[in-house]
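One structure is given below, encoded as structure tokens.
The values are calculated or read from the model by the stated rules, or taken from the named source; none is laboratory data. Just so we're clear, the structure is a prediction, and the values are computed from it rather than from any experiment. We place every Cβ from the backbone using ideal geometry, glycine too, and count neighbours over all the protein chains shown. Accessible surface is based on the protein model in full, side chains and every heavy atom, while ligands, DNA and RNA are left aside. Shrake-Rupley method; radii C 1.70, N 1.55, O 1.52, S 1.80 Å.
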Amino acid sequence: MDTKQVNINWKDGTLPFRCFDNGLSLKTARDIFAGKIYKPVPLLSDVKLIADIGANVGAASVYLHLQYPEARIVAAEPSPAAFGLLAENVRRFSLIEPRQTGLYDKKAKLPLHEGHIDGTTSSFGASAMAKRGGEVFELEDAAGFFTREGLLSADIIKLDTEGCEWPILKSLEPWLGRFQVIYMEYHSDTDRRRIDALLEPTHLLQGGKALHPDRGEFCYLARSALPADSAHARMEITPPQL
């Protein structure tokens, strides 16, 4: 699969970064580095630990490292082609630790459906953007992986796992309240609704957008991270009482 090195404008210089040589991969990397996808949360401070699950070629990991240079980042990606680029792109950053693995709510063996464009659209679930069948991978239980890697108190979690977001969150349910910020994509309306219900007790929707009727990007902020006396405290208007 062809790759291309691009120079990402960053502050007073440029950052070399390699991704797949197609429009989608290049646009995704540029949007991430421009801060259009994983926008910093103003209330968040003292970030020490980040989990990038579904790291693909590492754009989010590198971007988050540049935002929080003191934080340890564990970047997990199962696809061999994407992981190769991930490892290359984060080699210069000692605090970013790549892991070639996929997560689920239990140990499982599932085929990775190869994306029609590149690894960006590969998925473990069925999709019109990926071919049926493919190499079978052993997926880890997310709770076990987070325990082994010391991620159960991560400040930020980013989830982009092409349909596995819901099972991963269910596996991590006992610890959800510890994660200050959860960035995630959803890939079906069913998942959007049940993810929102799962996070409702511990998190508030901070921002995001629906890209298509069944796909979108959301950011959730932990209720515990919102000071009661802050100017950013709950701004909701309660329904009038008749």
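Worth pointing out:
- The residue that is modelled with the lowest pLDDT, among those in the range 129-154 that are of a type in the set (Gly, Ala, Ser) and farther than 26 Å from residue 197 by Cβ, is 130.
- Taking the criterion of being open to solvent by 60 Å² or more (accessible area, probe 1.4 Å), over 16 Å from the mean Cα position of the chain (by Cα) and not charged (D, E, K, R), the residues of the range 174-209 that qualify are 174, 190, 197, 201.
- The set of residues in the range 136-153 that are among the hydrophobic types (A, V, I, L, M, F, W, C) and either open to solvent by less than 20 Å² (accessible area, probe 1.4 Å) or part of a strand (DSSP E or B) (or both) comprises 136, 137, 139, 142, 143, 145, 146, 151.
- Residue match in the range 168-182 (condition: assigned to a helix (DSSP H, G or I), free of Cβ contacts under 8 Å to residues at least 12 places away in the same chain and hydroxyl-bearing (Ser, Thr, Tyr)): no
- For residue 157: the one exception among (1) assigned to a strand (DSSP E or B); (2) at pLDDT below 90; (3) not acidic (Asp, Glu): (2)
- Applying the set (1) of a type in the set (Gly, Ala, Ser); (2) touching an Asp or Glu at 6+ places or on another chain (Cβ under 6 Å); (3) under 13 Å from residue 103 (Cβ atoms); (4) at pLDDT below 95 to residue 163 leaves exactly one unmet item: (2).
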